1. Scan segment 261-292 residue by residue and report those that are more than 23 Å from L219 (Cβ to Cβ), buried (at least 18 other Cβ atoms within 10 Å of the Cβ) and of a type outside the set (V, I, T).
2. Right, L248: out of contact with any Pro (no Cβ under 8 Å at 6 or more places or on another chain) and in contact (Cβ under 8 Å) with a residue 12 or more places away in the chain or not?
3. Restricting attention to segment 162-196, which residues are farther than 30 Å from L226 by Cα and touching a helix residue (DSSP H, G or I) at 6+ places or on another chain (Cβ under 7 Å)?
4. What are the pairs with Cβ atoms under 6 angstrom where one residue, in segment 251-278, is more than 21 Å from G28 (Cα to Cα) and the other, located anywhere, is aromatic (F, W, Y)? Sequence gap at least six, or different chains.
5. State all residues of segment 104-114 that are hydrophobic (A, V, I, L, M, F, W, C) and either over 14 Å from G55 (Cα atoms) or touching a Ser or Thr at 6+ places or on another chain (Cβ under 8 Å) (or both); if no residue qualifies, say none.
6. Got a sec? Which helices (runs of 4 or more DSSP H) wholly within segment 49-162 have at least 3 residues that are hydroxyl-bearing (S, T, Y)?
7. Of the conditions (1) crowded, with 20+ Cβ neighbours inside 10 Å; (2) β-branched (V, I, T); (3) more than 21 Å from the chain's Cα centre (by Cα), I236 satisfies every one except a single condition; which number is it?
8. Condition (residue is more than 21 Å from the chain's Cα centre (by Cα) and surrounded by fewer than 19 Cβ atoms within 10 Å (Cβ to Cβ)) applied to segment 47-62: is it met by at least one residue?
Amino acid sequence: MALSKIRLFLAMIKFEHTIFALPYAYIGMIMASFYKDGTWPGWRTFFWVTLAMVGARSAAMALNRLIDRQIDAKNPRTADRELPKGAITSFETLLFIIASLVLLGISAWMLNPLCFYLMPLAVFFLVVYSYTKRFTWACHLVLGITDGLAPLGAWIAVTGKFDLPGLLLAGAVAAWIAAFDIIYACQDVEFDRREGLYSIPARFGIAEGLWISRALDVLTIVLFLLIPLYVSLGPIYYVGVVVVAALLVYEHLIISPNDMSRIDIAFFKVNSIIATVAFLFTFTDIGLRLWR
């Protein structure tokens, strides 16, 4: 019974989607340590950053499901989610959110004071994002900023302060997340318009939305290329950026306003590969420099 309930919670928060943000948190942590004093981050930092990410992402997804449960129940695409169909109750979800936020708070406290003091700001974005679709088509940008806090928080966990390369990394992730969230929203254009909900595709149309998504992906690559101006990264990092750019091009080639049949591939599979590629190439580049 307990294992069954755990599986339901993992399904509710789409635990497999952790691969979108967690690799960038690790990039922020590794890059910050290399930038700060040319070393690897310690295992203690790695441990608490990981738990902070688990807490933050679990709370974010559960909040989204709880806040949107009535909307999800009306949408045929989401009506089978755990809350609308009654597999998990609102009270159980609220308890899960509280536990996740406690985990985030403890982890932030164990990292450094600035992480802990900034936690309310992170929680603010975690809560507010789910409401933004009710009043602004810029909801995708708010989600991007929210997820961009992952690498920035990991950066601060190591350095204890804001640095420009950490902000550039956060900006790159924010633009990337917003770009593929626009693609994801193309599935619900008719529903969103009917229910008075906001998104870029619902406001401007799918074709225009995809162009905005492409522009954000270009911004992502530009920001990735600006980071080596401040952090001593080498050719392997640049190769990784080229591979990421190629994957983003592929993502946009397999969908079009007239054919969204491969949206699941574009949204989940391609972007999970992008996050993994970005981590592996950055890790390898910094690792080879540290082991010389």
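1. If the condition is that a residue be more than 23 Å from L219 (Cβ to Cβ), buried (at least 18 other Cβ atoms within 10 Å of the Cβ) and of a type outside the set (V, I, T), then F283 is the only one that fits.
2. Against the criterion (out of contact with any Pro (no Cβ under 8 Å at 6 or more places or on another chain) and in contact (Cβ under 8 Å) with a residue 12 or more places away in the chain), L248 qualifies.
3. As a first pass, look at segment 162-196 and keep what is farther than 30 Å from L226 by Cα: 186-196.
C186, Q187, V189, D192, R193, E195 - these are the residues of segment 162-196 that are farther than 30 Å from L226 by Cα and touching a helix residue (DSSP H, G or I) at 6+ places or on another chain (Cβ under 7 Å).
4. Qualifying pairs under 6 Å: F267/F180; F267/Y184.
5. L111, L114
6. 90-111, 113-132
7. (1)
8. So far as segment 47-62 goes, no, none of its residues is more than 21 Å from the chain's Cα centre (by Cα) and surrounded by fewer than 19 Cβ atoms within 10 Å (Cβ to Cβ).
All of the numbers you see were taken from the coordinates with simple rules; none came from a lab. Because the structure is a prediction, the values reported are computed rather than measured. Methodologically, a virtual Cβ is constructed for each residue, glycine included, from the backbone with ideal geometry; neighbour enumeration extends over all protein chains shown.
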